[in-house]
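Just so you know, all these numbers are worked out from the coordinates, no wet-lab data involved. What you see is a predicted model, and the numbers here were worked out from it, not measured in a lab. Neighbour counts are summed over all protein chains in view; Cβ atoms, including those assigned to glycine, are modelled from backbone coordinates with ideal geometry.
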């Protein structure tokens with residue numbers, strides 16, 4: 001399960017969204033081979049190319065390359081060690097879980 005901005009941005013790009021759409025991203029899955037394509041493209045892209053991508057938040061343009069490298073390594077390790085082949089993405093994150101645990 002991938003959460004937070006890097007993962008949701010990668011999912012939006014993997015699904016070829018023109019604009020960021022949380023409803024299309026939440027609980028969607030991205031096969032690792034497609035995830036690697038997106039990550040490799042982002043690492044190779046210039047800042048201007050990344051900034052021009054529709055679902056890319058302006059605050060993520062400078063950090064998405066590093067996040068892509070980390071994500072690629074994690075995906076490779078999850079595949080090798082556990083046979084996992086896809087990323088499921090959530091719009092909710094650990095803060096949602098913490099808040100929920102406080103009302104129980």
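Scaling against 2.2 N^0.38 Å puts the C-alpha radius of gyration of the stretch 1-53 at 1.08. Given contacts defined as C-alpha pairs under 8 Å and at least six residues apart, what's the relative contact order of the stretch 2-102, whole-number percent? Over the stretch 2-102, the number comes to 43 percent. Each peptide among 17-26, 32-41 gets the average number of other Cβ atoms lying within 10 Å of its residues, and from highest to lowest they stand as 32-41, 17-26. Taking the Kirkwood radius as Rh and the Cα radius of gyration as Rg, the stretch 2-102 has a ratio of Rg/Rh equal to 0.98.
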